[in-house]
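Report on the following structure.
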Amino acid sequence: MIDSVGLLALVLVATLTSYVLLGGADYGGGLWDLLASGTTADRQRATIARAIGPVWEANHVWLIVAIVVLFTGFPRAFAAVSTFLHVPLLLVLVGIVLRGSAFVFRAYGPADPRYTRVWGRIFAVASTATPLFLGVIVGAVTEGRIPEHPGGPFVAVFIEPWLTPFSLSVGVFTLVLFGYLAAVYLTLEASDVEERRAFRRRALISGVLAGVMAAIVLLLAEPGVRHGLIASAWAVPLHVATAACAVGALVFLARKQYGLARVAAAAQVTLILWGWALTQYPYALRPHLTLTAAAAPENVRILLLQVLGVGAVVLVPSLLFLFGMFGPRGGHDERA
Amino acid sequence: MDLLFARWQMGLSLAFHIVFAVIGMALPLMMAAAEAAWLRTGEAGYLDLARRWSRGTAILFAVGAVSGTVLSFELGLLWPAFMEFAGPLIGMPFSLEGFAFFLEAIFLGLYLYGWERLNPRTHLAAGILVCLGGAFSGAFVVTANAWMNTPAGFRLVEGAVVDVDPVAAMFSPAAAAQVVHMLLAAYAAVGVAVAGIHARLLLRDRSNPFHRRAFAIALAVGLPAALLQPLSGDWSGRVVARTQPAKLAALEGQFATERYAPLRVGGIPDADARQTRYAIEIPGGLSLLAHGDPAAEVVGLNDIPRDLWPPVRAVHLSFQVMVGIGSWLAVLAIWGALLWWRGRLFESRLFLKAVCVSTALGFVALEAGWMVTELGRQPWIIQGVMKTSAAVTPMPGLAAPFALFTLIYIGLAAVVIALIRRTIIETSPARRTA
């Protein structure tokens, strides 16, 4: 029987999964806006804007919920992460602010291309940089260089815990995965064959790159983490399933079965995230802080789970309504 | 020094976010009201208004959402010890706020992009859910702030927190009064500001139906709130008197502990001389307002250790600004109601001018009110429990992020102002096309 600490950790990872699958793809959309090229470049940008316009703000809320669950349920972990990873968190915040603001400034400002290009570029660059730092934060939490106490020189305490080859590789991996998700999703949003081909090519390239990055991350991992990733009891079945999804997604893309490719890619990214979570268990922050030691009192955990459960009853139908209205090939409305 | 920069950064982020947060609460209400008026009357002018306000909402809500995200992270980035202590206690309103924010974002997406896809009633319902999401969101966040003023729902045993009760923490003694005060402030500030913008345009073109409709709806949102706000302020004041004597003494510039304490209008407190000069004093007024009895004793700062004083001058002056503007807006509300009743709302040039000069005043009062509650709690981050200096992050060099966010916020503010001018004012329809 799982206890309330484990259950709350599961909820936290589920929230992060929603953020990655939905919000992550919105960042990926920004990456493809930045890299839009060829004869369909302008149409690609318009498709990306149309696809994320109605949903990105709702998708962003998953991050807020994750933060709230973290500071309510695991306050010591939140305090430690906020203290030692101040710098990358600050960079994530700057990215979030610039990405969101630039997106609406472009959508609701003058149609003059000199204007839209500037905000489009800021949106795209911020969307590309933010996942790098989000990944660096995940990498630093995993790698276990975060000290127990803040005493010591600035660089050793506030820079070295996250500025490592491993954390940087997780950052790049995150960006590639977000781009991959976005490209796969966008094949269903494209308005014509030529544009769809462009997104398909991007999906295939980033899908292969994701495999390469996964290998690099594994190579750069600390021995303890690497051992968890490859030698645990759950590791082999999980890796087989992840690989099956990855290969499946690429095959579906190659055979132009985009709906199935979307499901396979989302499953693949979900499995990667849950594999990371299993490696991390039972730690909140390696190697000093376990989930149990970081957790809030039991009655708070149970109340939080209840609030989240009741909230989900309101949330899920609303979200389904939103996505039903602006699903694939949707969102052709003119701007309000 | 880092403590100072951390406080400045937090203060700046709050001052910036709150503008967008209150607009995100009140503007959707006007937008939905305009749409409802369109559905009822079939007049296209109302639809045009609803669409323009929805575009304004889209821009301002997005900036509010991202600046709110900054705040939720900054709680940890700047005050990790506070969050480690308070996270379990104030987490419940924040989780509820998360869901309210979710509803707001989901139904705003449906509203903004659903003009042609949803049937009109469903579309209006989405707009109403945005209003509700905004109001609940604001209310939940304010209960967390109220807990910092009147911490409840736990016991301290030899420095350790025991018997944590998040429900009691959420319904702390200051919660209800602060929530009502904040919601009314939001509707009053935004309603008056929007009315003020259109009053200015009506002064140039009195019969323009677009501006008439906008002016009337904005006043209908702003003035009732402005009328009720002094009552809510009185309630808040009583709660402060009961729970935060140092804050009450600072906001009134009350140094001596005395019966028949006077209510001071204006005046400049001098903390070193321990007196407030140049104030108009109404004998017994403070005792009466704070405790319901002119003979009641009010604790002055002299009976509070000097190192536990809030910055008296800043708190007192902010309070005077807030109360002064609040009183003026209540007068404006009565004046507007009389004109409305006589069917002369658009006829009085003097009233239009009065609303026009009041455009920004609600926001000034709102910011001053936050100065009162936040500066008035210092040196505590959690009243009587944890000092702000004990909560600050050990991270050095906080001047750099403060400078960075100052630049970003100045840039965002400039762009938002230009875009709103363009969306709502500069392209507003002339008389013929409305």
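The values are calculated or read from the model by the stated rules, or taken from the named source; none is laboratory data. Keep in mind it's a predicted model, so treat the numbers as computed, not measured. Cβ atoms come from the backbone with ideal geometry, glycine included; neighbour counts cover every protein chain shown.
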| request: Could you identify the single residue in A:Phe199, A:Phe158 that is touching a residue at least 60 places away in the same chain (Cβ under 8 Å) and within 14 Å of chain B (Cβ to nearest Cβ)? | output: A:Phe158
| said: Name the single residue that is farthest from B:Phe319 (Cα to Cα) among those in segment B:267-307 being of a type in the set (Val, Ile, Thr) and touching a Phe, Trp or Tyr at 6+ places or on another chain (Cβ under 8 Å). | reply: B:Thr276
| request: Could you check, for segment A:108-123, whether at least one of its residues is surrounded by fewer than 23 Cβ atoms within 10 Å (Cβ to Cβ), aromatic (Phe, Trp, Tyr) and either at positive phi or within 9 Å of another protein chain (Cβ to nearest Cβ) (or both)? | output: yes
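In this structure, does A:Ala190 turn out to be buried (at least 21 other Cβ atoms within 10 Å of the Cβ), away from chain B (no Cβ under 14 Å) and farther than 18 Å from A:Val20 by Cα?
Details: buried (at least 21 other Cβ atoms within 10 Å of the Cβ): yes; away from chain B (no Cβ under 14 Å): yes; farther than 18 Å from A:Val20 by Cα: yes.
Here the answer is yes, as A:Ala190 does meet what is asked.
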| When residues of segment B:149-200 are filtered for being within 14 Å of B:Phe363 (Cβ to Cβ) and at pLDDT below 95, how many remain? | 1
| Every pair of residues 6+ apart whose Cβ atoms lie under 8 Å, when the first sits in segment B:254-278 and is buried (at least 21 other Cβ atoms within 10 Å of the Cβ) and acidic (Asp, Glu) while the second is at pLDDT 95 or above and not in a loop (DSSP other than H, G, I, E, B) | none
| task | Scan segment A:63-79 and give yes if some residue there is touching a Ser or Thr at 6+ places or on another chain (Cβ under 6 Å) and under 30 Å from A:Glu195 (Cβ atoms), otherwise no. | result | no
| remark: Of (1) part of a helix (DSSP H, G or I); (2) within 14 Å of chain B (Cβ to nearest Cβ); (3) touching a residue at least 40 places away in the same chain (Cβ under 8 Å); (4) more than 20 Å from A:Ala221 (Cα to Cα), A:Leu134 satisfies every one except (4)
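Looking at B:Arg377, B:Arg342, B:Arg306, B:Arg349 in this structure, which one is buried (at least 17 other Cβ atoms within 10 Å of the Cβ) and either among the charged types (D, E, K, R) or free of Cβ contacts under 8 Å to residues at least 12 places away in the same chain (or both)?
The match here is B:Arg377.
Restricting to segment B:385-404, and then to whatever is facing chain A (nearest Cβ under 8 Å) and on the phi < 0 side of the Ramachandran plot, can you tell me which residue is surrounded by the most Cβ atoms within 10 Å (Cβ to Cβ)?
From segment B:385-404, those facing chain A (nearest Cβ under 8 Å) are B:393-397, B:401, B:404; that's our starting set.
With the extra rule that they be on the phi < 0 side of the Ramachandran plot, the set shrinks to B:393-396, B:401, B:404.
On the way: B:Thr393: 24, B:Pro394: 15, B:Met395: 22, B:Pro396: 13, B:Pro401: 21, B:Leu404: 15.
This residue is B:Thr393.
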| Tell me, which residue of segment B:206-235 that is among the polar types (S, T, N, Q) and under 20 Å from B:Val192 (Cβ atoms) is modelled with the lowest pLDDT? | B:Asn208
| field | Check on B:Ala139, surrounded by 21 or more Cβ atoms within 10 Å (Cβ to Cβ), at pLDDT 95 or above, within 21 Å of the chain's Cα centre (by Cα) and more than 7 Å from every other protein chain (Cβ to nearest Cβ) | value | yes
| query | How many of the residues in segment A:283-326 are more than 10 Å from chain B (Cβ to nearest Cβ), surrounded by 15 or more Cβ atoms within 10 Å (Cβ to Cβ) and farther than 18 Å from A:Leu7 by Cβ? | reply | 4
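Out of the residues in segment A:26-54 meeting the condition of being among the β-branched types (Val, Ile, Thr) and at pLDDT below 90, tell me which one is surrounded by the most Cβ atoms within 10 Å (Cβ to Cβ).
Narrowing segment A:26-54 to residues among the β-branched types (Val, Ile, Thr): A:39-40, A:47-48, A:52.
Those still in the list that are at pLDDT below 90 too: A:39-40.
Values: A:Thr39: 9, A:Thr40: 20.
Top of the filtered list is A:Thr40.
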